[in-house]
Amino acid sequence: MRNTEIAAALSELGTLYELDGAVRYRVNAYREAARVIRDSPVSVEELAREGRATELPGVGKTLEEKILALVDTGSIPAADKLKERFPVSLVEVTQVPGIGARTARRLHEELGISGLEQLKEAAESGRLRGVRGMGQRAEENVLAAVDRLEREGVAERQLLSQVLPVAEEVADRLREHPAVADVMLAGSARRMAETCKDVDLIAATTDPEAVGAALAADPLAATAGAGGDAGARMMTHNGITVELRIAKPEEFGNLVQHFTGSAEHNVKLRERAVGRGLSVSEHGIKDTDSGEVTLCAAEEEVYERLELAYIEPELREGGAEIKAAANGKLPKLVTREDIRGDLHCHTTLSDGHNTLEEMAEAARERGYSYLAITDHSATHGFGNDVQPDALLARVEEVRALDRKINGMKLLAGTETNILPDGSPDYEDDVLGELDWVIASVHTSFRISEKAMTDRVVAAIEHPLVDCIGHLTGRMILRRRPYDIDVERVAEAAAANGTMLEINGNPNRRDMSEQNARLAADAGATIVINTDAHRVGTMENIRYGVATARRAWLTADQIANTRGWRTFARLRKRARA
DNA sequence: GCCGTTTTCGGCCCGACTGTTTTCAGTCG
């Protein structure tokens, strides 16, 4: 059973307990455990069977038993029992914004509502108003929310790459405003999460009205709400909500810290603060005894006041980062400036939009020391396969250009398909002519986990395969990863000296941060690539680096932070 | 239900907003 399924079942059980009136700490425990399980890179089913699920933070003996029951029998007895009293569809009702478990339960008891359809009927017929705490506004809210849920499902998220450029453009413009002292991006976009719900910006100013007006007048704004002293809001023409919070310059750091989150990070931060007699909020850090409030103009001061090392935004997910910051054990994260070369890109020879020369020149302009040209291979299909003779001709072209181009090494490579039996789709004598070989799965996704793992491990063991591309084939928000045992793959990669790629395409970010962490822990060598199909998308290196940073990786753990000579020696073909 | 540089029991983050209400519970981020 997948981690996401286990997480969903525990989260549902948490809500059922909440409907039943359980203390909120118990409910929170289920939700927190669900989150940890969802993000776990290793199979929680296997962990539970080995009696090791309690190694996950937030999972104790009780939850381990429930997980075991779930994976063995397909359901949890406690949940089955609760479902006799509360219909599962009542859980959906709690997804309506503004309706929590307590309200849902009252609606169930007083109006017999057990699902969205009945909730809608009750709102339409005016029966909703008979319930204490529900009036006309609640009725309107419910009708709009149910309508939206039926149309779009649960809250929509967008890819970071759709949101981040908008956020940066608006922030840059606001920063130019004379009344603005500073603007910072906050929220999940600042943490470089895979997806975002909206854009959070914090502006330091003494003139909220003017800044709110500037946001409303931004060229990207399609609609804008009325701004106030605390903030303003607008929506762009492509449906991205921008939330602007206004801070006085002396409290700018407090607001930036607070709204960067994550919520879980802030909870853990405050729990730690309480133990030291401090109370943290967006309005400052209060000494509980004296009542004295410390304001922080800069975010760094918040962490300093709590006797913590500064925590990079990418790490603020409520995991082990606070403990690490307290013990001086935070890693020095890899940066974009550390990256010395890109080992995965395409040209017009296959499905790229720019020529070999254009891609090489773009890499040189970026200051890279090396670039690998890795067009698709003989069986890629879609009309952009590269037959062996074409590839060998391309090798000569790359070598010729490499001799001409100054200050950079061009590698003749390929992104070869891993066929269902695990072999690359060029013969060894062709692969042997190349400087660099990435092997990726592009076909036959729907095979068993064992078959897929065997297939990729076979490629890892091939002496002429240097690196595995986009390990799980996922497309964020569009296609889930294929079934593969990443632990076994990582061990094989470490044992064979085959590198594993973090693909920086923002649709992929594959390996994921969880898998990248697991691979690094297993001792595998990691490279960060863009898979660029045009000059412009070489900039996607930022998303690859972001994933590496969210995986807690240092420059040492990334092969393409090395200069060419060192990197060349790390290649498997150089070691053979 | 989890967890421990105070703890194996007794704690477990903070404030704003909303809608409905004369003082606040529920919800949200």
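No value in this document is a laboratory result; all are computed from the given coordinates. From a predicted model like this one, the values you see are computed outputs, not experimental measurements. Note: ideal-geometry Cβ built from the backbone for every residue, glycine included; neighbour counts use all protein chains shown.
Could you grab the relative contact order for segment A:409-463? Cα pairs under 8 Å, six or more apart, rounded to a whole percent.
Once divided by the residue count of segment A:409-463, the mean separation gives 43 percent.
Near the amide H of A:Thr294, under 5 Å away, which other amide H atoms are found, from residues 5 or more places off or on another chain, if H is placed in the peptide plane?
A:Ile285, A:Lys286, A:Asp287
Where the centre of each part is set by its Cα atoms, how far does segment A:366-423 sit from segment A:178-247, in angstrom?
Here the two parts' Cα centres lie 44 Å apart.
Once you place label points 7 Å from the Cα toward the Cβ at A:Glu117 and A:Glu150, how far apart are they in nm?
For A:Glu117 paired with A:Glu150, the spin-label model returns 1.1 nm.
Quick one: length gained pulling A:Leu392 to A:Arg480 fully straight, 0.36 nm per residue minus the C-alpha distance?
Result for the pair: 28.2 nm of gain on full extension.
Could you tell me which trypsin sites (Lys or Arg not before Pro) in segment A:8-87 are loop residues by DSSP with no more than 14 other beta carbons within 10 angstrom of their beta carbon?
Taking segment A:8-87 and a limit of 14 other Cβ atoms within 10 Å, the loop trypsin sites (Lys or Arg not before Pro) found are A:Arg52.
Just for chain A, what percent of DSSP beta bridges are antiparallel, to the closest 5?
Values: 26 of 56 bridges.
Antiparallel: roughly 45 percent of the beta bridges in chain A.
So if each residue of separation counts as 0.36 nm, and I subtract the Cα-Cα distance between A:Ala451 and A:Glu176, what length gain in nm does that give?
Details: separation 275, 0.36 × 275 = 99.00 nm, distance 5.62 nm.
My answer for the length gained is 93.4 nm.
Taking the Cβ-Cβ separation of A:Ser75 and A:Glu55 as r and a Förster radius of 22 Å, what is the calculated FRET efficiency to the nearest 0.05?
The calculated FRET efficiency here is 0.35.
List the relative contact order of chain A as a percent without decimals, with contacts defined as Cα pairs under 8 Å and 6+ residues apart.
Taking the mean separation of contacting Cα pairs over the length of chain A, I get 9 percent.
What does the C-alpha gyration tensor say about the overall shape of segment A:432-567? Classify as rounded when a/c is under 1.5, otherwise prolate if a/b is larger than b/c, or oblate.
Values: a/c = 1.33, a/b = 1.11, b/c = 1.19.
Taking the square roots of the gyration eigenvalues as a ≥ b ≥ c, segment A:432-567 is rounded.
Is there a pair in A:Lys323/A:Lys450; A:Lys81/A:Lys323; A:Lys81/A:Lys197; A:Lys61/A:Lys450 whose C-alpha atoms are over 32 Å apart, and which pairs would that be?
Values: A:Lys323/A:Lys450 37 Å; A:Lys81/A:Lys323 38 Å; A:Lys81/A:Lys197 35 Å; A:Lys61/A:Lys450 30 Å.
Over 32 Å Cα-Cα: A:Lys323/A:Lys450; A:Lys81/A:Lys323; A:Lys81/A:Lys197.
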